[in-house]
Structure formats: structure tokens, C-alpha cells
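Novice: So that we are looking at the same thing, I have put the structure below in C-alpha cells.
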């Protein structure tokens, strides 16, 4: 009978363990006394090292805390400014929508833009000198639709002191809790207006003194446009203003570390913007705003710190300021080219570390006294266990190598031979246990692999041949008719498997009559590919007889219905283009509606009643229609592998997204248009497995054939 491997291993380990226990007690005695002295010396060294390391660790921890504080405060400041920036974007987007979609808004009366009660968010109207509100009555009454947005932005607890828009025609609409005078005000000459207009995007002003003596402030502005009729016409600038005391100063003033630590904010010029130390800032002199310029400081350490902050670096450094060694942590803001710094005295940070170092040294001395009394017995016990385990390991290794290693090595060597490709090699292992059973099972598995591999190679070879045959049946050289300048065409097909059921075709049935076909066979793989070959051949043969499209589909449908025991069918869209007249005849047998763009305009779906797919029901009457193409008209045929493609979440690409994507690249030629649409499709599916064939054909009609040709 076979003995289980577990029983063998257990017997070897037990015998080795019993022999090791007796041997370890003798060999460990000499080493233990030598280790005793080394342990005492090591204990003293570890005590001193622990004290020093604790000091270093605490210092590093404090440095990291200071740096984290600088990062957190910078992030908080960014968050406040981002809210203002987002509100500005919202106002600009609403203003753009009002100018672009005027028919969606009702004019607002002038009374809608009047002062309210003090302390409440009111919306005011001002105009530039020489510009009367009556001359802009229509534009102002439409622009007044933004009043509620401005009022809500100012009323919300977002840190805004005012929200406003200024028109290029000279009007100014502002929401503010302060009752503003109605004196003439020209927004077009203000820095927030000119800066946003020149930048053509989000623009932040420099710090300025508020006109109503509320302190230092800053504004964010963004232009808005009239996008109607496919144009982009500049109409004005939206803006939001905030006081530093509302957002920035509160963050700076609340930053404290111990008794000496404080925060400060620098602009891109190295000038102090905000700090709780009044000696660093002069806030008002003759209507201007003054700063202490750290970049010009005579203190080399402070100058180096400022240069790093101006370069938008993040980190921590040590320097001397006001006669004290300080740590300076700094981190840039993302919203503006500002940087936030934190300064803390080194002595204040190191005081706890020095106290901890003294406590550790005292505890280390006390522990060494106790360790000296007990180390002998503890180390003896440990050494006995270690030596015993070592001997047991040696004995176990010897027994295991004799009883188990040989058959396992034989299995490994045989597996390498088979892995190298020799599937005729057999494993010969006779151990009388599970290893022998494993070897026999492995031999049987290799035999099965040989059969499966041979069959798979045969099928793979046949599929490769089928793939090449199918690819060769479809036109694949572009441009296909280099001498024909009247049109440009591009098409491609990507099957979901090695071969597919989709196909496209284009060919001349007369010198100036071009036929286009795109089709999708039900199912996938080899059956669909065979049915595709039959359908493609029948359609082309009947087209060469120069029949009308409805008769072609009628005849091909009847032939496909004969002996169609597998009930396969194919959806087809076919069209014939007369290059002399530009007349496009087309018919649809259950296929997707193609896209058409007339004279460079947006794509839209080409409407035609869909008949039954070919092969479903014999004698079905198909209908055809026609339209006249003009120069520059475009046609895009596709199969449902595009609009029904799914992403990993199961959402389909869909007709709406297809139409939107087509219109976003309608100016491109056929090849570039098709490639751009497929890139958008690949981005949507995001790596999801292709479940259906993807086929498309793009055509642009450039000019008609001259009659005297």
C-alpha cells in the first residue's frame, strides 16, 4: 500500500527533533557567556542611540508637521480662491448663454436693476460716461437676466464681496451689499476687464484697495461671448471680487505653532501679501498698496527662501531671522502664482526633543541594571532553543533529501524537457506514493495537450486563411480611383472575431455611376462570413445588370431566402450616385440610417423607411428614394458595431453621441473623419471587449462630371 507523504515527513521531523534536544544543551553553554558581555555593551550603546534617534525623529516629525501645515493652508487658500473662480466661470457661462440663446429669455425691466436695502444683495446698473442706458435698453434688458445669478453668488457664503458683468457696449451690472452710487462707470478701462479680454480666459488682478474703504481686495474675471450663428463674438467680461480680510487673512491669522510660529503669503514678485506681523506690511499710502519685499532683503537666508517660493517650490529650510534660527516651510498655490510660508523658531521645536533625550538616557541606565541580573538565564534558554533547532534542521534536511528529493527532482527534470517542447517525453517515477500518481496524471495530461494543441493549430491555420481571404474581398486601397476627382471615399472593417459578417463594397456599374453598399450579417464568426460572401456576391452581380436598387434588393432577398435553413439574414444599405447629375438613389433593407452633411453643415440622419433585412421573407417589396448631392456634401455609412458599442459599465455609444462626434469633426476628409470617429469610439469603450464587427464607409462629393466629357 502507498504511504502518504504527510506520514513520511511527520516521522522524519519527530525523529530529528528528539535527537536535537539533547545535543543543543551541550553546545550552547560556551557561547552564552560570551554573548552576555556583548549584550550589556550593546544595551548601553542602544540606550544612547535611542536617545539620539528620538531627538532626530522628533525633529523630523516636527519639520514634516510644519511642511504639512504649509501645504494644508495653501490648499485651503486655493479652495477659497477656486470657489471665486468657479463663480466667475458660472457668471461668464450664463452671460454667454443669454447672448447665444436670446429666444429663451424674456427682457427684464429697468426696475429689476435697482438698489435695495443696505446690507442686502442688490443688483445695480451703471453705464460708461457718454453712454445712456436708453441707448442700450434692449441689450441691458436681456443682460439683466443674469441678475439673479449675480445676486445669489454674492448672497451665498462664498467669500465674494461683489459679482458683476461689464458689456463691451459700456454697461455695468453689479451685485453688492453696499448701496452704490449711480455715477458713470466705464468697465472697459478697468484692469479686470482689459486683462480678461486680452487673455481670453480666466484672469486674476493684482491686489488693490477697495473703492469703498473695505480694505485690500482682488478680482477674478472671464470674458463672455455671443456664439449664435456659428460665430464667436466678444460681448464683455464677468467678474467676482473678494476682500483679503474675508478669505486670505483669516487663514494666515489662524496659523499658529507654539508662541513664535506664524504664516505669511508672498506674490510672484516676492512681496508680502498677508501676515499677522504688522511690521511686514504697509497697507495704504497715497491710495496705493505697499508690501515688504522679501526678495530684496539683506538677509541671505530670507532671500533664498523667497527665491524658492517665487520659483513655486515646496519644502522646508533653516535660516536666521530677527536674530533667531527658524524653520521655514513653504508650498505654492495652484490658483495664483502665490506661495504660502510658515516660520517657527528652532529652539521652540527642539525643547521637547531635549527633554525626551534626557528621559531616555535615565530609563536606559535603569534597565541595564535589571538586564544585567537576568540576562544569563534568558540568553541560556534562547541559545538552547536555537542550537536544538539548528541540529533538528540538519537532520530533517538529511532525511528529506533521501526520501523525497530524488522523485521531486525527477519530476522537475521531466517537466523541463516537456516544457521545452518535447511532448513525447514520459515521466518515469516509481515511489509508491502520491508522487508516482502525480507523474502518471502528468503523462495523461501531456497526451491530452498534444491532441488539443494539434486541433487548435489546425483551426488557427484555417481561420488565418479565412481572415486573409475575407480581407482580400473588400476594397482596401485608398484612394481606390485616383483619376476620379469628383469624389473621395474611405472605408474599413474590423471584425469582432477572426472573421466577421460585416462588409462594404463600392464599384462602378457605368462610367459615371458609382454604387456604395454596407451590410451587417446576423451572427459572427465563420457562419456569418460565409453568408457575407454570398450576399456580397449576389448584390454586386445584380448591380452590374444596372437594375434599380429596389429590384436589386428584391432579387437578392429571394435568392437568400432559398434553402436558408439556418435562418440567417443581412441588413443592407445601398446607394447609387450619378456623377453627372449628382442624383443619389438609395434603399434600406433593415440597416442603420446613414449620416449626411449638406454643403458643409451639420450631419443628420438620412430618413428612409427601413425594409426587412435580406433573407427574412421572400417577395418583400423594397422601396428606394433619391436626392441630389451638391458639391461638398458628405455621406457616412456604418454598421451597428459603432452606435451599439458598450463601455465597461454597459452604456452604449448611441446615436446621439455618434451624431455629436460626427459634427465635431465634420470639416475633415473621409479618412481623417473616419479615424477621428473611431478614436472617439475607442475612448468611450475604454478597453471593453469588442462584441460586434465595426464597419464604416465615408464619402465626400466634390464636383459633378462635366457633360462634355
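Novice: Percent relative contact order of the stretch 563-709, based on C-alpha pairs within less than 8 angstrom and at least six residues apart?
Specialist: Working: 261 pairs, mean separation 38.9, N = 147.
Computed over the stretch 563-709, the figure is 26 percent.
Novice: Say each of residue 620 and residue 112 gets a label point 7 Å from the Cα, pointing the same way as Cα to Cβ; how far apart are those two points in nm?
Specialist: That separation, rounded to one decimal, is 5.5 nm.
Novice: Which residues does a label at residue 705 reach in the stretch 477-496, if reach means a backbone N under 20 Å from a point 7 Å past the Cα toward the Cβ?
Specialist: Residues 479-490 qualify, since their backbone N sits under 20 Å from the label point.
Novice: Take the alpha-carbon centre of the stretch 643-666, take the same for the stretch 514-541, and report the distance between them in whole Å.
Specialist: 25
Novice: Using Cβ contacts closer than 10 Å as the measure, can you line up 620, 487 from fewest to most?
Specialist: Result, fewest neighbours first: 620, 487.
Novice: Once the piece of chain linking residue 200 and residue 607 is laid out straight, how much longer is it, given 0.36 nm per residue of separation minus the C-alpha distance between them?
Specialist: That works out to 142.4 nm of additional length.
Novice: How high is the FRET efficiency between residue 259 and residue 214 when r is their beta carbon distance and R₀ equals 25 Å, given to the nearest 0.05?
Specialist: Calculated transfer efficiency: 0.20.
Novice: Using a/c under 1.5 as the rounded threshold, could you call the stretch 595-675 rounded, prolate or oblate? The axes a ≥ b ≥ c are square roots of the C-alpha gyration tensor eigenvalues, and prolate needs a/b larger than b/c, oblate otherwise.
Specialist: It comes out oblate by the Cα gyration axes.
Novice: Sorting 219, 298, 664, 624 on the 10 Å Cβ count, fewest up front, what's the list?
Specialist: If I rank by nearby Cβ atoms, fewest first, I get 298, 664, 624, 219.
Novice: Then there's this: According to the square roots a ≥ b ≥ c of the eigenvalues of the Cα gyration tensor, what is the shape class of the stretch 504-663, taking rounded for a/c under 1.5, prolate for a/b larger than b/c otherwise, and oblate for the remainder?
Specialist: Since a/c reaches 1.5 but b/c is at least a/b, the shape of the stretch 504-663 is classed as oblate.
Novice: Round to the nearest 0.05 the FRET efficiency obtained for residue 311 and residue 79 when R0 = 22 Å and r is the Cβ-Cβ distance.
Specialist: Rounded to the nearest 0.05, the efficiency is 0.40.
Novice: Quick check: residue separation of residue 298 and residue 227 times 0.36 nm, minus the Cα distance between them. What number comes out in nm?
Specialist: Values: separation 71, 0.36 × 71 = 25.56 nm, distance 5.40 nm.
Full extension from residue 298 to residue 227 adds 20.2 nm.
Novice: Cut-off is 10 Å between beta-carbons; in what order do 442, 554, 478 appear when sorted fewest neighbours first?
Specialist: Values: 442 17, 554 21, 478 14.
Ascending number of Cβ neighbours within 10 Å: 478, 442, 554.
Rule-based calculations on the coordinates, nothing more; no lab input. These figures come from a predicted structure and were not determined experimentally. Don't worry about glycine lacking a Cβ; one is built from the backbone with ideal geometry, like all the others, and counts go over all protein chains shown.
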